[in-house]
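The values are calculated or read from the model by the stated rules, or taken from the named source; none is laboratory data. Everything numeric here is computed off the predicted structure, so don't read it as measured data. As a convention, Cβ positions derive from the backbone with ideal geometry for all residues, glycine included, and neighbour counts pool all protein chains shown. These accessible areas exclude ligands, DNA and RNA; they are computed on the full protein's heavy atoms, side chains included. Shrake-Rupley method; radii C 1.70, N 1.55, O 1.52, S 1.80 Å.
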Amino acid sequence: MDYENLKERTKKFGLDIISLVEELPKDHVAKVLSTQLLRSGTSVGANYRAACRSKSTADFISKLGTVEEEADESAFWLEMLVGAGKLGHRDAAPLLKESGELTAIVVASINTARKSQGRK
């Protein structure tokens, strides 16, 4: 997958998170969890864009590490919403799948970048 495709994919992930959050209940627990999800889910794309503008391989790896953390954190908040009964598993499944795939792609990219630096 090239940079532009992944930029679009991470942006779509953020937009899908926004759409989901808009549909969640408005009680206190759902608001707290959805705010966390909104922050992590939308930052995946923003941080990936920052990684694409990195000034060195080390900077690229560091910024991709943030993307990895945010994608994984998004999965956590989705799981919390499901566990708290605020979101059905069926509704969460596509975003859980996408967050897992994005995390895997980013981890592979980090490993490739490290190999190009001569590190493991």
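Checking the table 7/115; 63/86; 7/63; 7/86; 63/115 against a 21 Å threshold on Cα-Cα, which pairs fail?
7/115; 63/86; 7/86
Return one whole number: the accessible area per residue of the chain in Å², for a 1.4 Å probe.
In whole numbers, the chain has 58 Å² accessible per residue.
Considering the options 64, 95, 35, tell which one lies farthest towards the positive end of the dipole of the chain, charges being +1 on Lys and Arg and -1 on Asp and Glu at the Cβ, about the Cα centre.
Result: 64, furthest along the dipole toward the positive end.
May I ask for the net charge around residue 52, where only other residues with Cβ less than 14 Å from the Cβ of residue 52 are counted and Lys, Arg are +1 while Asp, Glu are -1?
Details: positive: 7, 9, 11, 49, 53, 55, 63; negative: 2, 4, 8, 59.
Result for the local shell: +3.
Rounded to a whole number of µm²/s, how large is the Stokes-Einstein D of the chain at 4 °C and 1.567 mPa s, given Rh as the Kirkwood radius over C-alpha pairs?
88 µm²/s
Taking the Cα centroid of the range 50-68 and of the range 96-111, what is the distance between the two, rounded to the nearest whole Å?
Cα centres, the range 50-68 to the range 96-111: 14 Å.
Of all accessible surface on the range 1-115 at a 1.4 Å probe, what whole percent is carbon and sulfur? Provide the component values of the computation, followed by the final result.
Values: 3390 of 6430 Å².
Of all accessible area on the range 1-115, carbon and sulfur atoms account for 53 percent.
Rounded to the nearest 10 degrees, what's the angle between the helix 57-83 long axis and the longest principal axis of the chain, both from Cα atoms, 0 to 90?
With both axes taken from Cα atoms, the answer is about 20 degrees.
Given the range 34-82 reduced to its alpha-carbon atoms as identical point scatterers, what log10 I(q)/I(0) does the Debye formula return at q = 0.15, 0.23, 0.27, 0.29 Å⁻¹?
-0.39, -0.72, -0.87, -0.95
With everything on Cα atoms, drop me the angle between helix 89-116 and the longest principal axis of the chain, reported from 0 to 90° to the nearest 10.
10 degrees
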